[in-house]
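Working notes, beginning with the structure itself.
The values are calculated or read from the model by the stated rules, or taken from the named source; none is laboratory data. What you are looking at is a predicted structure, and each value in this text was computed from that prediction instead of being measured. Methodologically, a virtual Cβ is constructed for each residue, glycine included, from the backbone with ideal geometry; neighbour enumeration extends over all protein chains shown. To get the accessible areas, we keep the full protein, side chains included, count just its heavy atoms, and leave off ligands, DNA and RNA. Shrake-Rupley method; radii C 1.70, N 1.55, O 1.52, S 1.80 Å.
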Amino acid sequence: VLKSSQLHLLDNWRLHSPERFRRKLRVEPDTFDSLVALIVDNPVFSNQSNCPQLPVHLQFSIFLFRAGHYGNAASPEDAAQWAGISVGAVEKCTDRVVVALLSHHDDAIHFPDADNKEQAKSFVEEKTCEEWRNGFLLVDGTKFALFQRPGLHGDAWFDKDGEYSIDCQVCHAISCGRRCTQLLINFT
């Protein structure tokens, strides 16, 4: 099957058309960069082969393209055609990125401390009303629909809409002059 990579368009869109970048990968360019920086040093992205892996940012782009689409558009075949690579390479990129992201589970998935909790409650109260103040854990994340029921703990991925999915929220903040990225993954 003839393929032609569209990955090179992401660099242009990042600078000149961020809405297209967001539409393809479902994240802001700055969030994308922060997440790549978070996973780039993971050993899953290094090998001793004569055939080098794609750069981490391209593997992450392929993962986000698949995660941000549903049904046939999320298939390895469709992603392969979009990225201009083989179906096997798409599957390997996806697997590597998932391993790298899940390696941050203990650092990224946690309840807020008392100060963060109070800040969140104040924000909710300011943006809504006093009665909703304690609803600070309710967020509008991105739902990544899965193509089929996962083999491991399959029913745990079944959501309220009758689909198998992963909910993801990325919190990107700059505090004390340092950039911090938290990846919050809720399995529903």
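Here are some notes:
- Whole-number D in µm² s⁻¹ for region 54-115, Kirkwood Cα-pair radius fed into Stokes-Einstein, 20 °C, 1.002 mPa s: 169 µm²/s
- Dipole of region 1-53, positive end: most advanced residue of Gln53, Leu2, Phe21 [Cβ charges, Cα centre]: Leu2
- For Tyr164, nonlocal amide neighbours, meaning residues 5 or more places apart or on other chains whose placed amide H falls under 5 Å from its own, are Leu146, Asp159.
- Gap separating the Cα centres of region 150-169 and region 56-73, nearest whole Å: 18 Å
- Listed pairs Lys117/Lys160; Lys24/Lys117; Lys92/Lys160 exceeding 28 Å between Cα atoms: Lys24/Lys117; Lys92/Lys160
- Accessible surface, 1.4 Å probe, highest first, among residues Arg14, Arg20: Arg20, Arg14
- Along principal axes, Cα extents of region 1-50, largest first, whole Å: 37, 34, 15
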